[in-house]
Amino acid sequence: MNTVKFGTTGENVSEMCLGTMMFGDRCDQAESDRILSAAIEQGVTFVDTAASYCQGRTEEILGNILKGKRDGLFIGTKVTKTTAADWVLQSLDESLTRMQLDYVDLYMIHWPRQNMRPVEMMEALNTVVQQGKARFVGCCNFPAWLLAHCNAIAERNGWAKLVCNQIPYNLLERGVEVEIIPQAVTEQIAITTYRSLVLGILAGKYTPGQPIPADSRGQTDKRVAAWLDKYGESIKQFNQFAADRNLHPAQLAVAWVRHSPGVTAPIVGVSSQRQLQASIDAFNVTLSDEEYTQITGMFDTAVKEESGGSFAPLRRDLNLVSCAIE
Ligand SMILES: NC(=O)c1ccc[n+]([C@@H]2O[C@H](COP(=O)([O-])OP(=O)(O)OC[C@H]3O[C@@H](n4cnc5c(N)ncnc54)[C@H](OP(=O)(O)O)[C@@H]3O)[C@@H](O)[C@H]2O)c1
């Protein structure tokens, strides 16, 4: 497993980040323990969780299974309900209690909220860093302008800046290529990506045109049926492309995200140890640029802008600023 620089933090993390959203939801503590242990054994050092997962149960499970394993891990959690300063402070205390930790490596705002107050939020995030409860702070699902706005506030006040943006990115959801990823490359914001497998659709879990399997997230998440319907033909081509190369579809899906410019660490979410292996193996798959383009072309998902012309490509140009970081 390669390690990668995590934005401006000076830290290195494993290129794969283990997502834990299914711990306590679709897998019990014993299976979660097996997943975490197997991931660590294979070099994973980066673990993602959130206060909201399974109403706190995920963090409790992590607290139980992290014993003796915490050293060397880079653990991130998130505050979900609001971005209000008092809640930003309180939620981290609750997360630390559930995880039986003194500090996390990364504390993220889970979602921007309507009528949020960025100054108060950034001050609270700075407070948790000053208190030693989080080493770094970041965000998820922030548009580029909001991240820039928040970091300008931090800069003016000498506060801790947001070091990462965690976003959905996969062959179907590519809106982040406009602005969010170019911003990240230029500003050295670490980009972690979720939904790499499109909830299992790109992991061979579902067959377009066939009933949704009983034991699957597609039973409760309506996006699965809608996406299978919309992209059925593309998914079949994608699965065939993987089979022709003796790859598991999950390997190919994660390899595509990994090959995409500006991505620091794809997050891999699994609900069993068996599923984990396919995704970990993706980190040994190197796509050629030609293969990457071929796979991308199977899905007609690049964000299109009516006017075309020169403005659309400018918005996703990674070399627009000459100081763009290597
Ligand atoms: N910041 C945010 O707003 C945000 C939002 C969502 C997620 N996340 C993070 O990202 C992580 C991943 O998100 P995600 O779980 O939604 O996305 P995902 O990686 O696209 O989907 C994971 C699902 O794919 C299926 N799967 C995985 N490996 C498989 C395999 N080898 N064969 C067949 N099916 C396989 C499993 O579905 P079944 O369980 O049905 O088997 C698994 O639950 C989460 O754990 C969380 O840490 C962050």
Checked the stretch 181-229 for anything within 27 Å of A265 (Cα to Cα), outside any helix (DSSP H, G or I), more than 9 Å from the ligand (Cβ to nearest atom) and of a type in the set (S, T, N, Q); matches are Q188
Checked pairs for the stretch 124-150, first free of Cβ contacts under 8 Å to residues at least 12 places away in the same chain, second buried (at least 24 other Cβ atoms within 10 Å of the Cβ), C-beta under 7 Å and 6 or more apart or across chains, list as none
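Identify, please: which residue in the stretch 28-72 is of a type in the set (S, T, Y) and buried (at least 18 other Cβ atoms within 10 Å of the Cβ) and is, among those, nearest to M1 (Cα to Cα)? Please lay out each step first, then the result.
At the first step, the residues of the stretch 28-72 found to be of a type in the set (S, T, Y) are 32, 37, 45, 49, 52-53, 58.
Now drop any that are not buried (at least 18 other Cβ atoms within 10 Å of the Cβ), which leaves 32, 45, 49, 52-53, 58.
Details: S32: 20, T45: 10, T49: 21, S52: 29, Y53: 27, T58: 25 Å.
Step by step, filter the stretch 28-72, then rank; the result is T45.
Looking at the stretch 249-265, which of the residues that are aliphatic (A, V, I, L, M) and assigned to a helix (DSSP H, G or I) is nearest to T193 (Cα to Cα)?
My answer is V257.
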For residues that are in a helix (DSSP H, G or I) and either touching an Asp or Glu at 6+ places or on another chain (Cβ under 6 Å) or crowded, with 22+ Cβ neighbours inside 10 Å (or both), tally how many sit in the stretch 140-179. 4
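Which ones in the stretch 202-228 are at positive phi and buried (at least 19 other Cβ atoms within 10 Å of the Cβ)? It would help to see each step written out before you state the result.
In the first step, residues of the stretch 202-228 are kept if they are at positive phi; the result is 204, 209.
Correct list: G204 only.
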Pull out all pairs, ordered by first then second residue, where Cβ-Cβ is under 7 Å, the residues are six or more apart or on different chains, the first lies in the stretch 266-295 and is within 16 Å of G43 (Cα to Cα), and the second is of a type in the set (D, E) and within 9 Å of the ligand (Cβ to nearest atom). I267/D48
Given the conditions (1) within 20 Å of the chain's Cα centre (by Cα); (2) in contact (Cβ under 8 Å) with a residue 60 or more places away in the chain, and given that I75 satisfies all but one, which numbered condition is not satisfied? (2)
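Just to check your reading of the model, which residue among L146, L202, L197 is among the aliphatic types (A, V, I, L, M) and under 15 Å from the mean Cα position of the chain (by Cα)? Write out each step before concluding.
Numbers: L146 fails: under 15 Å from the mean Cα position of the chain (by Cα); L202 fails: under 15 Å from the mean Cα position of the chain (by Cα).
Just one listed residue meets the conditions, L197.
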I180 meets each of (1) farther than 22 Å from L125 by Cβ; (2) touching a helix residue (DSSP H, G or I) at 6+ places or on another chain (Cβ under 9 Å) with one exception, condition (1)
Please enumerate the residues belonging to the stretch 249-275 that are within 10 Å of the ligand (Cβ to nearest atom), crowded, with 20+ Cβ neighbours inside 10 Å and under 19 Å from A38 (Cβ atoms). A250, Q251, V254, P266, I267, V268, G269, V270, S271, Q275
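Within the stretch 238-247, work out how many residues are crowded, with 16+ Cβ neighbours inside 10 Å and in a helix (DSSP H, G or I). Full working, then the answer.
Step one: list which residues in the stretch 238-247 are crowded, with 16+ Cβ neighbours inside 10 Å, which gives 238-239, 241-242, 247.
In the following step, the residues that additionally are in a helix (DSSP H, G or I) were identified as 238-239, 241-242.
Qualifying residue count, the stretch 238-247: 4.
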L18 being modelled with pLDDT of 95 or more, part of a strand (DSSP E or B) and within 15 Å of the ligand (Cβ to nearest atom): yes
Those residues that are under 22 Å from the mean Cα position of the chain (by Cα) and not charged (D, E, K, R), I need them from the stretch 239-258; list them, please. H248, P249, A250, Q251, L252, A253, V254, A255, W256, V257
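When only residues in the stretch 276-311 that are of a type in the set (S, T, Y) and over 19 Å from the mean Cα position of the chain (by Cα) count, which is nearest to the ligand (Cβ to nearest atom)? Even if it seems obvious, please write down each step before you answer.
Step one: of the stretch 276-311, the residues of a type in the set (S, T, Y) are 279, 286, 288, 292-293, 296, 301, 307, 310.
From what is left, the residues that are over 19 Å from the mean Cα position of the chain (by Cα) are 286, 288, 292-293, 296, 301, 307, 310.
Numbers: T286: 19, S288: 23, Y292: 19, T293: 22, T296: 17, T301: 15, S307: 31, S310: 33 Å.
Ranking the candidates gives T301 first.
The values are calculated or read from the model by the stated rules, or taken from the named source; none is laboratory data. Here the structure is a predicted model, which means the values were calculated and not measured. Cβ coordinates were reconstructed from backbone atoms using ideal geometry, including for glycine residues, and neighbour counts include every protein chain displayed.
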